[in-house]
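Worksheet: one structure, shown below.
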Amino acid sequence: MTVKIFDTPDVQDFLKTVAGFDQEGGNERAKQIMHRLLSDLFKLIDDFDVTPEEYWSAVSMLNALGGQTQFGLLSPGLGFDHYLDMRQDAIDAEAKRVGGTPRTIEGPLYVAGAPEAEGFARMDDGKDQDGETMWLTGQVRDVDGTPIAGAKVEIWHANSKGGYSFFDPTQSEYNLRRTIITDAEGRYTARSIIPSGYGVPEGAPTDLVLKSLGRHGERPAHIHYFVSAPNHLHLTTQINLAGDPYTYDDFAFATREELVVPAERIEDAGVIAQRELDGPFSEVVFDIELAKTDVAELQTRHARPRAKEDEQDQHSQLAGTAKV
Ligand code: MBD
Ligand code: FE
């Protein structure tokens with residue numbers, strides 16, 4: 001087919017009307033962005049000769065994704081989350097905010113309000129029989145190497161089946177989610193269980209989109225962090241455990257070389273006793289460096305609808321309904 005109508009005055013005028021350019025009300029940025037988005041999509045339809053069948057199956061897929069609150073899951077799969085990180089890295093570099101542990105994506109499974117502890121917390125409820133005991137520890141420092149006491153370290157991760165409490169109703173409230181305040185030496189320590197990797201639910205709309213690209217929806221075993229301290233840049237990051245088949249093949253593109261951490265198996269009876277554990281365990285050490293900033297907005301996590309973040313906010317409530 002050779003029909004190309006995108007560049008005609010009729011279509012160009014139509015796009016301006018659709019985007020509300022001739023209307024007084026509305027939001028100027030919304031109009032500009034919608035105009036560009038629709039223009040790009042209309043052009044795509046022209047260029048690829050998209051058929052009505054293809055168009056309506058795409059609409060149906062969007063309805064299915066939205067109906068199961070899965071855009072927050074597809075988003076990292078299509079690279080948007082990592083792309084935003086790449087942009088933020090470039091913005092930081094331009095502002096000469098350099099150094100520190102690299103950021104990587106938050107993902108859709110954070111839940112606000114986890115229990116807070118000083119220095120040490122046990123994160124698991126002891127009910128996951130398949131979970132290998134994990135001793136997770138590290139020191140928070142500034143870029144000069146000075147330990148930061150009183151830093152806030154929020155940690156969340158999956159259980160031995162790859163499920164996250166709250167989204168997985170079989171787990172207890174805030175299981176595998178804690179906030180730990182670093183001690184006088186800037187250290188945090190958690191007793192937990194080694195997480196398994198996560199897989200996008202089989203047959204879910206996100207899975208269908210990924211399969212249409214010949215891709216899988218697997219993530220390696222990983223542990224999420226928010227780290228913050230006064231006068232330092234808020235850090236959103238994750239560690240990926242070394243040796244997982246998906247460590248370097250993450251569907252969410254979150255892996256960064258500096259964030260791949262080994263889990264060391266410890267069987268020494270003396271160390272087991274000293275940690276008050278009941279058998280061999282795996283130790284994961286992750287030290288964190290925070291860059292400095294005086295800018296208040298950069299010291300806290302950016303706004304985003306998050307489960308339990310704001311009970312008054314409908315978007316936050318919806319974020320908690322994701323079928324993941
Ligand atoms: C996860 O656990 C996750 O971290 C991301 C980014 C997407 C899906 C599940
Ligand atoms: Fe995750």
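Readers should treat all values here as calculations from the given coordinates under stated rules, not as data from a laboratory. As the structure is a computational prediction, the values presented were derived from the model and not from experiment. FYI the Cβ positions are ideal-geometry reconstructions off the backbone, even for glycines, and counts take in every protein chain you see.
The charge dipole of the chain, taken about its Cα centre with unit charges on the Cβ atoms of Lys, Arg (+1), Asp and Glu (-1) only, comes to about 260 debye.
Spatial offset of region 33-97 relative to region 185-255 amounts to 21 Å, using the alpha carbon center of each.
Positive contributions from Lys and Arg (+1) and negative ones from Asp and Glu (-1), summed over other residues with Cβ under 14 Å from the Cβ of Pro245, come out at -3. Classified by the C-alpha gyration tensor, region 71-319 has a rounded form. Its axis ratio a/c, with a ≥ b ≥ c, is below 1.5. Relative to the dominant Cα principal axis of the chain, helix 28-47 is inclined by about 70°. Taking the Cβ of Pro102 as the center, what net charge do the other residues with Cβ under 11 Å away carry, scoring Lys and Arg +1 and Asp and Glu -1? That works out to -4. Sequentially through region 135-152, phi angles give Karplus couplings (6.51, -1.76, 1.60; θ = phi - 60°) of 10, 10, 8, x, 10, 9, 10, 8, 5, 8, x, 6, x, 10, 6, x, 6, 9 Hz, Gly and Pro residues having no value and appearing as x. Is region 198-324 rounded, prolate or oblate when judged by the Cα gyration tensor, a ≥ b ≥ c being the square roots of its eigenvalues, rounded requiring a/c under 1.5 and prolate requiring a/b larger than b/c? In terms of gyration-tensor shape, oblate.
Working ranking of peptides 160-171, 178-189 by packing, defined as the average number of other Cβ atoms within 10 Å per residue, highest first, is 178-189, 160-171.
Filter the cross-link list Lys16/Lys96; Lys96/Lys161; Lys211/Lys292; Lys31/Lys292; Lys127/Lys152 down to pairs whose alpha-carbon distance in this structure exceeds 31 Å. Flagged as over cut-off: Lys16/Lys96; Lys96/Lys161; Lys211/Lys292; Lys31/Lys292. Computed from the C-beta positions of Lys43 and Gln23, the FRET efficiency with R₀ = 35 Å rounds to 0.90. Going by the alpha-carbon gyration tensor, a ≥ b ≥ c the square roots of its eigenvalues, is region 54-165 rounded (a/c under 1.5) or, if a/c is not under 1.5, prolate (a/b greater than b/c) versus oblate? Oblate is the answer for region 54-165, as a/c is 1.5 or above yet b/c matches or exceeds a/b. Placing pseudo-labels 7 Å out from each Cα toward the beta carbon at Ile266 and Asp313 gives an inter-label distance of 3.9 nm.
Summarising the label geometry, the points placed 7 Å from Cα in the beta-carbon direction at Thr321 and Gln274 lie 5.2 nm from one another. Each peptide in 256-263, 66-73 receives the mean, over its residues, of other Cβ atoms within 10 Å, and ordering these scores from highest gives 66-73, 256-263. 3J(HN,Hα) couplings calculated from phi for region 63-77 with the Karplus curve 6.51 cos²θ - 1.76 cosθ + 1.60 (θ = phi - 60°) are, in sequence order, 4, 5, 4, x, x, 9, 6, 10, 5, x, 8, 5, 3, x, x Hz; Gly and Pro show x.
For the chain, the 222 nm mean residue ellipticity estimated from helices alone, with every DSSP H stretch of n ≥ 4 adding -39500 (n - 2.57) and the total spread over all residues, rounds to -8000 deg cm²/dmol.
Whole-Hz Karplus values for region 244-250 come out as 6, x, 9, 3, 10, 9, 7 Hz, taken residue by residue from phi with 6.51 cos²θ - 1.76 cosθ + 1.60 and θ = phi - 60°; glycine and proline positions read x. If R0 is taken as 35 Å, the Cβ-Cβ distance between Ala90 and Tyr55 corresponds to a FRET efficiency of 0.50.
Of the trypsin sites (Lys or Arg not before Pro) found in region 1-88, the ones in coil according to DSSP and having at most 15 other Cβ atoms within 10 Å of their Cβ are Lys4. Here the peptides 208-216, 192-200, 20-28 are ranked by packing, the mean other Cβ count within 10 Å, and the order with the highest first is 192-200, 208-216, 20-28. Antiparallel beta bridges, as assigned by DSSP with both residues in the chain, represent about 65 percent of the total such bridges.
Within the listed set Trp156, Trp56, Trp135, the Gaussian network model of the chain (springs between alpha-carbon atoms below 10 Å) gives the highest mean-square fluctuation for Trp56.
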